[in-house]
Amino acid sequence: MPKSERLAALIHRGLLASARQHYPTVEDRGIRRALFFVLAGVHVPSVLVEASFMTNPTEAQLLKTRRYRQLLAEGVAEGMLSYLSENE
């Protein structure tokens, strides 16, 4: 669990940093801890990323843009690379 929490923190940081480069008002919803069914039984560091919500009108509009989706993907990738570099 501590490794998953570290991975989550780095992905969270990467997502916010990347998205806020062009969209500074992106909301920080923090990190939530729970026993998610999709992660049950996983024996490696793992997280569930919910970067934006289509039910939020502002985020739904952003999700329609390639730039926003690219920034989210880059943020997740940056967080994962940071985690991997810490654990080499």
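Each residue in region 16-39 was checked for being at pLDDT below 90, in a loop (DSSP other than H, G, I, E, B) and open to solvent by less than 70 Å² (accessible area, probe 1.4 Å), and 1 of them qualify. For residues that are of a type in the set (Ser, Thr, Tyr) and more than 17 Å from the chain's Cα centre (by Cα), scanning just region 40-88, find the one that is most open to solvent (accessible area, probe 1.4 Å). Here the answer is Thr55.
Beta carbons closer than 8 Å, at least 6 apart along the sequence or on distinct chains, pair a first residue in region 42-68 that is closer than 30 Å to Glu86 by Cα and at pLDDT 95 or above with a second that is surrounded by 12 or more Cβ atoms within 10 Å (Cβ to Cβ) and aromatic (Phe, Trp, Tyr) for Tyr68/Tyr23. Has region 51-60 got any residue that is touching a Leu at 6+ places or on another chain (Cβ under 6 Å) and either assigned to a helix (DSSP H, G or I) or charged (D, E, K, R) (or both)? Within region 51-60 (the criterion being touching a Leu at 6+ places or on another chain (Cβ under 6 Å) and either assigned to a helix (DSSP H, G or I) or charged (D, E, K, R) (or both)), the answer is no, since none of the residues qualifies. Go through region 26-36 and report how many residues are within 16 Å of the chain's Cα centre (by Cα), of a type outside the set (Gly, Ala, Ser) and more than 12 Å from Ser52 (Cβ to Cβ). Looking only at that region, the number is 5.
The values are calculated or read from the model by the stated rules, or taken from the named source; none is laboratory data. Since the structure is predicted, the reported quantities are computational estimates derived from the model, not experimental observations. FYI the Cβ positions are ideal-geometry reconstructions off the backbone, even for glycines, and counts take in every protein chain you see. Remember, those area values only see protein heavy atoms, side chains included, never the ligands or the DNA or RNA. Shrake-Rupley method; radii C 1.70, N 1.55, O 1.52, S 1.80 Å.
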